[in-house]
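The values are calculated or read from the model by the stated rules, or taken from the named source; none is laboratory data. Bear in mind that the values here come from a model prediction, so they are computed numbers and not experimental data. All Cβ positions, glycine included, derive from the backbone under ideal geometry; neighbour counts span all protein chains shown. These area figures cover heavy atoms from the full protein model, side chains too; ligands, DNA and RNA do not enter into them. Shrake-Rupley method; radii C 1.70, N 1.55, O 1.52, S 1.80 Å.
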Amino acid sequence: MRRLHNLKPGTKAIVLDIVGNSTLAKKLLGMGLTKGVELKVVRNAPLKDPMEIEVRGYSLSLRKAEAENVIVEVREK
Amino acid sequence: MIRVALAGNPNVGKSVIFNALTGMRQKIGNWPGVTVEKKEGVYKYRDVEFHVVDLPGIYGLTAHSIDEKIARDYILKGKPDVVVDIVDASNIERNLYLTMQLMEMEANIVIALNKMDLAEQKGYKIDVRKLSKELGIPVIPTIAVKGVGIEELKNAILQASKVKREPYVRYSDGIERYIELVKSKIIENSILPNYPPKFVAIKLLEFDDEIMREAGIDGEVVEKWISSVS
């Protein structure tokens, strides 16, 4: 179990849970980061803020403070 | 006059469809009190006049951003006759999230399934008839930049304006039980009677700040209601 902001570009992972305040959680769920969905880290900006991921066939940029709240399980590197 | 609202995610070709529908007959202003652009236009189709409002591009209707709040308020309070939901066929899964939320609001929806050419290039094969049947909503494939499907869309909007269809999202039995319970409380206490009760029930179960504030109900009340189930 890891947090999304710690993953390196190219890593694929499955979303296990969204933690943190409910406003942010709802926003992330609304962007398609639901439990069980697969995502891939595409690239990181300097200091990993923001980071770009691919989920449900589209690209999504997340702030580090947002990505920290996504609990994932790494599938492949 | 039939009132039509255009809704859709950012970058789905909403403006192109707005222009294709209304042509030159447009008015650009602001939404009251905020510096968000409001585009309105009119067109005539088979001797019927249509007034079109272009809602801000949004990913959802949670009312967390000003754009989402404008769109949500317009659909709930302005009650347009028809809501055209513009869905990017090349990014369909992401886009259908907004569709589900519009369905929850019991809007009278017509889907313009746009960018069909891009979807095809991506190798997607979309069964439009099945999609329409599953959702219970008319789905019109379009390639707006080439003007493909605009006549069909105008016709679908006209047809939809004649029959008020209320789409229905069915959740799993467990969730539906909670929705039913909260819905009965809402009706019993005539909470937000101008909104669809099932929509209010879902939003209260989500502890949606905006709806809780409008209803004058806090999370504890909802918790108490739902504690009697199970």
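Of the solvent-accessible surface of segment A:2-77, computed with a 1.4 Å probe and all protein chains present, 48% belongs to carbon and sulfur. Between A:E52 and B:R170, the simple spin-label model (points 7 angstrom out along Cα→Cβ) gives 4.2 nm. Please report the net charge: other residues with Cβ closer than 13 Å to the Cβ of B:N194, K and R +1, D and E -1. Neighbour charge sum, excluding B:N194 itself: -1. Computed with a 1.4 Å probe over protein heavy atoms only, the accessible surface of segment B:24-179 comes to 50 Å² per residue. Solvent-accessible surface (1.4 Å probe) assigned to B:V182 amounts to roughly 0 Å². For n ≥ 4 DSSP H runs only, could you compute -39500 (n - 2.57) per run for chain B, divide by its residues and tell me the 222 nm figure to the nearest 500? Mean residue ellipticity, 222 nm, calculated: -13000 deg cm²/dmol.
What the pair-distance distribution of segment A:2-75 shows, using all Cα-Cα distances binned every 10 Å from zero, is 22, 63, 15 percent. Counted residue by residue at 0.36 nm each, then reduced by the alpha carbon distance between them, the extension gain from B:S184 to B:Q26 reaches 52.5 nm. Summing +1 for each Lys or Arg and -1 for each Asp or Glu among the other residues whose beta-carbon sits under 13 angstrom from that of A:D17 gives +1.
From the Kirkwood radius over Cα pairs of segment B:1-107, Stokes-Einstein at 4 °C and 1.567 mPa s returns a whole-number translational diffusion coefficient of 93 µm²/s.
Looking at chain B, the DSSP beta bridges with both ends there are about 40 percent antiparallel.
GNM on chain A, alpha-carbon springs under 10 angstrom: the most fluctuating residue among A:K40, A:K27, A:K64 is A:K27. Sparsely packed loop sites in segment B:164-222 (the trypsin sites (Lys or Arg not before Pro) outside DSSP H, G, I, E and B with at most 13 other Cβ atoms within 10 Å) comprise B:K164, B:R170. Considered as an equivalent ellipsoid built on the Cα gyration tensor, the protein assembly as shown has semi-axes of 32, 27, 18 Å, the largest given first. Computed with every protein chain present, the accessible area of B:D173 is close to 110 Å² [probe 1.4 Å]. Taking amide H atoms as placed 1.01 Å from N in the peptide plane, the amide H of B:I109 lies under 5 Å from those of B:V83, each 5 or more residues away in sequence or on another chain. Antiparallel DSSP bridges in the protein assembly as shown: what percent, to the nearest 5? DSSP beta bridges in the protein assembly as shown are roughly 65 percent antiparallel. Among the protein heavy atoms of chain B, carbon and sulfur supply 52% of the accessible surface, probe 1.4 Å, non-protein parts ignored.
Charged neighbours of B:E49, selected by a Cβ distance under 15 Å, balance to +4 (K, R count +1; D, E count -1). Normalised by residue count, segment B:87-229 yields a Cα convex hull volume of 130 Å³ per residue.
Could you tell me the total accessible area buried at the A-B interface, probe 1.4 Å, in square angstrom to the nearest hundred?
Numbers: alone 4570 and 11630 Å², together 15380 Å².
Counting protein atoms only, the buried area is about 800 Å².
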